Amino acid sequence: MDRATFACSTAFFRDYSSSSQGTFCGGHVDFIEKVESFTYSDFFRDYLIPNHPCIFSAKFTEEWGSRRNWVTWDGKPDFDYLLQKFGDAVVPVANCDVKEYNSNPKEQLPFKEYVNYWKEYIKNGYRSSRGCLYLKDWHLSRAFPEQDVYTTPVYFSSDWLNEYWDAVAVDDYRFVYMGPKGSWTPFHADVFRSYSWSANICGRKKWLLYPAGQEEYLKDRHGNLPFDVTAPSLQDRSIYPRYDQSQPPVEIVQEAGEIVFIPSGWHHQVYNLEDTISINHNWVNGCNVAIMWCFLQDELAAVQREINEWKDPMDDWHLQCQLIMKSCTGIDYKEFYNFLKVIAENRISVLENGLDDEASAKNTPKAAISTLGMLHAVFDLKRAVKVLTSLSANEDFKKLDLTSLSPPPEALLHHLKAAIDTALL
């Protein structure tokens, strides 16, 4: 991060609310053509901070192993190669023809069985008695770390979600998707209202994007979002009374090799126009961590409303609310504190101690922090301080047993502020 971008980010987050998700006027989405003329600071300033989408050309992925090896000469999935490398894996597969609550039901299948299904599906004119099956949310990089699949572009390298979940060795938010023409993902926003980036290894996708806030006009009279945002029932005002106030979606057709950047909190629906393989990451950083924090507060408030009648007879009502929230979203307030702590301490370590040559050469979070520079680490700490201050003052957080948190929130805040002051001397 250069000094001009640091100054821009400081001014933006000083002048706007901490949970600002930006505004997006018109339907034009910028196309980034050249790798050599587009810097990290360009992306940070023009897309991350204002929370705007963009498309990266296929030049940004042309060196990836998956683009060389997973695709046939005519741009189709290379089933033979994929079976050779991953045939014994077990993968999550969704049925696009079945609605289960507001998503598609999933099952675990051997990868070789899924590929055989896919080949038969193509042979039968994209029809099957089993329905349209879509391999989704496969943690391939975690299962096959030795494979040369892709390298995360530097633009997406400030990735707090995967930095934290790698540190606690529980989960990650790096996925592979594989599906036939006609497979699709219903209307949704990404986990924790995170950013996402999605790269097509082969095939084409159509994206329908709604800027943050537009989803409010798409809710039915009970407050529920649609499963399919193209369904004719949305035209029925007795069911969707505010639909006429919504803007048309921002539509993107993503070609093979291209990367789409999806802003934080933008709801979307996605179709595979051809047999398609894609790599997707969800990620949070200093630009949208406040949006994540607002989302968690909204989720807890929704849980509290649902079980409000049990508040008086239940001694540990506040703890039960946290447990339910974690089961629904994947995180509670105390883990969110630990998330902020791990992110902050990694940056303090780099600022105070630097990296030796061996550590710098490794693909580690601290090496990524060092690559992005001291000013980026300071920016991250300032955003962590802002959100941690809000968390520490939150009444629901203060009602929890915080004795297990180490260091205590006040001590961590003091350390962060001191590290920022020292770095800026």
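The values are calculated or read from the model by the stated rules, or taken from the named source; none is laboratory data. Only a predicted model underlies this, so the values are computations on that prediction, with no experimental measurement involved. FYI the Cβ positions are ideal-geometry reconstructions off the backbone, even for glycines, and counts take in every protein chain you see. Surface accessibility is based on the protein's heavy atoms, side chains included, excluding ligands, DNA and RNA. Shrake-Rupley method; radii C 1.70, N 1.55, O 1.52, S 1.80 Å.
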(request) Could you name every one of the helices (runs of 4 or more DSSP H) located completely within region 335-425 that has at least 1 residues being among the hydroxyl-bearing types (S, T, Y) and over 24 Å from the mean Cα position of the chain (by Cα)? (result) 357-361, 374-393, 409-423
(message) Could you check region 305-333 and list, in sequence order, the residues that are assigned to a helix (DSSP H, G or I), open to solvent by 30 Å² or more (accessible area, probe 1.4 Å) and either within 27 Å of D421 (Cα to Cα) or free of Cβ contacts under 8 Å to residues at least 40 places away in the same chain (or both)?
(response) R305, E306, N308, E309, W310, Q320, L323, I324, K326, S327, C328
(request) Within region 83-130, work out how many residues are charged (D, E, K, R) and under 24 Å from the mean Cα position of the chain (by Cα). (result) 4
(message) Quick check on my filter: what residues within region 408-419 are surrounded by fewer than 21 Cβ atoms within 10 Å (Cβ to Cβ) and touching a residue at least 24 places away in the same chain (Cβ under 8 Å)?
(response) P409, L413, H415, K417
(request) Determine whether region 48-56 contains at least one residue that is touching a residue at least 40 places away in the same chain (Cβ under 8 Å), among the polar types (S, T, N, Q), at positive phi and open to solvent by less than 20 Å² (accessible area, probe 1.4 Å). (result) yes
(message) I want to confirm something. Restricting to region 209-255 and keeping residues that are in contact (Cβ under 8 Å) with a residue 12 or more places away in the chain and of a type in the set (K, R), which single residue is surrounded by the most Cβ atoms within 10 Å (Cβ to Cβ)?
(response) K219
(message) Considering only residues that are open to solvent by less than 70 Å² (accessible area, probe 1.4 Å), outside any strand (DSSP E or B) and within 28 Å of V191 (Cα to Cα), which ones fall in region 83-101?
(response) F86, A89, C96, V98
(request) Would you check if F336 is touching a Gly at 6+ places or on another chain (Cβ under 9 Å) and of a type in the set (F, W, Y)? (result) no
(message) Can you say whether S129 is under 28 Å from L296 (Cα atoms) and either out of contact with any Leu (no Cβ under 6 Å at 6 or more places or on another chain) or open to solvent by less than 40 Å² (accessible area, probe 1.4 Å) (or both), as far as the supplied structure shows?
(response) no
(request) Answer yes if at least one residue in region 216-227 is assigned to a loop (DSSP other than H, G, I, E, B), among the aromatic types (F, W, Y) and more than 27 Å from M325 (Cβ to Cβ), and no otherwise. (result) no
